[in-house]
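Reviewing the structure listed below.
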Amino acid sequence: MRTVVIDPGHGGKDPGAIGVNKTYEKDVALSVALKFGNMLKEKHPNIEVVYTRFTDVFIGLAERAKKANSISADVFVSIHANAAVNKKAAGAEVWVLGLHKSAAALEIAKKENSSILMEDDHGSKYQDFDPKDPDAYIGLAMRQNAYLDQSLNFANSVQSSFVHDAKRFDRGVKQAGFMVLYRTTMPAILIELGFLSNAQEEKYLSSAIGQDELAKSIYIGFKKYKDQIDGVNHSISEKEEQKEQVKEIVHEEKTEVKVVPENKEQVVFKVQISASSVSIPTIAANFKGLNDVEQHQLNGIYKYTVGNFFTFEEAKSRQKDVRNIGFDSAFIVAYYNGEKITVQEGVRRTKENSQ
Ligand SMILES: [Zn+2]
């Protein structure tokens, strides 16, 4: 874990949500972001902390993600506060990219994405994505990046700390099509600290004590996630493969394989192109024309792979092909006797077999 990007929502001409007593979301977000960043810098001098903004300025959503992508950040934390028509709504929630499971979830993504409309040239910047059109969100959720597992893991860690350390009402970890998360190419979460539309919570969110507690909770959640990531030795140099192996060890996952090779004592490499919290039919039209997509399900997450290769090199070549058609974060996974193993282990076993 080397670089953390902290993204305080809104800013400048975009105040975000406005509280019953006129607290601006942009101010709460910036204040908590800076407090979290300071804690990070103090406790981990080796981690580079980068803010998408640290003053009251307007920045587009695409630009925020681009900044994180351009420095290959290890994690992206977007900080926001909520508002609802129901003045009693309260509590913290953490979001990751995905298809919304309720109308309320869709509404939050629509509200946060509407900042786009304040950007110059938003039509061309976002390929005419209309933040108010529900249909646009299906497409957004279909192209999942490969970091869903890690994002969920991170989100759960932060949410748990909001509940246990800051004693916030638990609204859970949720998914929806947030443009700023969609555009990032690393594990990414979006935090809704609480409701400015709730007078009591607005008071907490605008207080120094409240902001300190929330920032500390984000830090504790981050630290737990970081320890999991760092607690693993990497020996395969490529970043995606490292991340995949970390993920495997963290989850100790054993994924069921649908296509079992004839020779069961054989390592099979596949290329994972996508992951989703909802099942996506494996037809070519859903995967840029690929017609050999397999679905694997584990812990409520659907993973999509292509290819069954007996050598790492063949898988590598396929990985290159699918990256070229737009699955930018495709990475290689390995199976042995139908069970998922690390790529490193797969390569080792392949070498043994050929000797
Ligand atoms: Zn917001």
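The values are calculated or read from the model by the stated rules, or taken from the named source; none is laboratory data. All values derive from a computational prediction rather than experimental measurement. Counting neighbours? That spans all protein chains shown, and the Cβs are built from the backbone with ideal geometry, glycine included. Protein only, heavy atoms only, side chains kept; ligands, DNA and RNA dropped before computing areas. Shrake-Rupley method; radii C 1.70, N 1.55, O 1.52, S 1.80 Å.
Points worth noting:
- Some residue of the stretch 155-165 being at pLDDT below 95, surrounded by 17 or more Cβ atoms within 10 Å (Cβ to Cβ) and aliphatic (A, V, I, L, M): no
- Residue within the stretch 4-12 that is closer than 27 Å to ASP120 by Cα, in the same structural domain as LYS223 (by TED's automatic domain parsing), away from the ligand (no atom under 13 Å from the Cβ) and not in a strand (DSSP E or B) present: yes
- Sole exception among (1) under 19 Å from the mean Cα position of the chain (by Cα); (2) open to solvent by 20 Å² or more (accessible area, probe 1.4 Å); (3) of a type outside the set (Gly, Ala, Ser) for LYS13, by number: (1)
- Hey, VAL77 surrounded by 18 or more Cβ atoms within 10 Å (Cβ to Cβ), more than 15 Å from the ligand (Cβ to nearest atom) and outside any loop (DSSP other than H, G, I, E, B) or not: no
- Filtered residue count, the stretch 84-125, keeping only those that are modelled with pLDDT of 95 or more and of a type in the set (Gly, Ala, Ser): 4
- Of all residues in the stretch 93-115 being among the small types (Gly, Ala, Ser), more than 11 Å from the ligand (Cβ to nearest atom) and touching a residue at least 12 places away in the same chain (Cβ under 8 Å), the one that is nearest to LEU61 (Cα to Cα): GLY98
- Residue within the stretch 329-338 that is open to solvent by less than 20 Å² (accessible area, probe 1.4 Å), part of a loop (DSSP other than H, G, I, E, B) and modelled with pLDDT of 85 or more present: yes
- GLU192 being open to solvent by less than 20 Å² (accessible area, probe 1.4 Å) and at negative phi: yes
- Top-ranked residue of the stretch 31-54 - restricted to ones that are under 29 Å from LYS87 (Cβ atoms) and surrounded by 22 or more Cβ atoms within 10 Å (Cβ to Cβ), ranked as farthest from the ligand (Cβ to nearest atom): PHE36
- All of VAL20, VAL57 fail the test of being outside any helix (DSSP H, G or I) and within 16 Å of the ligand (Cβ to nearest atom), apart from VAL57.
- Subset tally (residues that are open to solvent by 70 Å² or more (accessible area, probe 1.4 Å) and either in a helix (DSSP H, G or I) or farther than 26 Å from ALA275 by Cβ (or both)) for the stretch 131-142: 2
- Only listed residue being part of a helix (DSSP H, G or I) and in contact with a strand residue (DSSP E or B) (Cβ under 6 Å, 6 or more places away or on another chain), chosen from VAL158, VAL173: VAL158
- Any hit, the stretch 116-126, residues being within 16 Å of the ligand (Cβ to nearest atom) and not in a helix (DSSP H, G or I): yes
- Residue within the stretch 294-302 that is open to solvent by less than 70 Å² (accessible area, probe 1.4 Å), touching a Phe, Trp or Tyr at 6+ places or on another chain (Cβ under 6 Å) and either over 26 Å from ASP74 (Cβ atoms) or in contact (Cβ under 8 Å) with a residue 60 or more places away in the chain (or both) present: yes
- If the condition is being outside any helix (DSSP H, G or I) and more than 13 Å from the ligand (Cβ to nearest atom), then the stretch 176-216 contributes GLY177, ARG183, THR184, THR185, MET186, PRO187, ALA188, ILE189, ASN198, SER207.
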